[in-house]
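> Got a structure for you, questions after.
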Amino acid sequence: MTLADRLQACHSSVVHDVMKDLGLPLRVLPRSIVGLDPTMKAAGPVFTIRGRPDPTLDKHTSLYEWAGLLSRAPAGHVVVCQPQDDTRALFGGLSAEALKLKGVRGYIVDGGCRDIQAVVDQGFPVFARYATPIDIVCAWRAEAFEQPVAIGGLQVLPDDHVLADRDGIILVSAAEVEAVVAAAERKMATEGDMVRAIRAGEDPQAAYLRYRVF
């Protein structure tokens, strides 16, 4: 199992707790960025994109450049996009199809998405702030790849790892991700033991004293 697979098997709440216990900086993206479906989950190293509105583009150029953006997204990564745009959809059904076939693990955007049902039906994990039918044609372009991007006052770095699920989106630095995942796996195993003890009739407070988790 890869490190990305192990991270995806964790829960963002548990990752948060172990990072807090380890004294690591807690970087949680804004809660307004949510999965298009509550069951969606994405984890892995990030591939960052930053873009901006550009009304000077013609239709061909804007679509050709968008296709190039999809071509650059590497397999095994989660795309994190800062579009600097609060009007348009920065993702849709055809884009989800392309990235899923490439082996990209998910897409997180501090902005909008469209073709929601098509994306959900494909099972490709997308996290966004809003839905809109407005596209990017003649209006938006990418300007930087694999550079730090700011989302909600936090810096997302190209070598960060991310875990996104229905509880939220948390970032882990490349230097700490192995230790964090190992600690999260241990905590989830202990929590499983505690759940079984409570289901077997043990008092919750007694179970806490035995397992020291909750």
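> Highest GNM mean-square fluctuation, the chain, Cα pairs closer than 10 Å: which of R186, R199, R129?
Fluctuation is largest for R199.
> Give me D167, D17 sorted ascending by neighbouring Cβ count inside 10 Å, so fewest comes first.
Lowest to highest Cβ neighbour count: D167, D17.
> Note the full-extension length gain between L24 and Y130 as 0.36 nm times their separation in residues minus their Cα-Cα distance, in nm to one decimal.
35.1 nm
> Could you check how many percent of all C-alpha pairs in segment 3-175 are farther apart than 20 Å?
47 percent
> Order by neighbour count: K59, K187, fewest other Cβ atoms within 10 Å first, most last.
Ascending number of Cβ neighbours within 10 Å: K59, K187.
> For the pair V195 and A144, how long in nm is the line joining their label points, each one 7 Å along Cα→Cβ?
Label at V195, label at A144, 4.1 nm between them.
> Straight-line reach from K102: which lysines have a Cα under 18 Å away, not including same-chain ones fewer than 8 places off?
K41
Values quoted throughout were computed directly from the atomic coordinates according to the rules given, and no laboratory measurement underlies them. Small disclaimer: the values here were computed from a predicted structure and weren't measured. All Cβ positions, glycine included, derive from the backbone under ideal geometry; neighbour counts span all protein chains shown.
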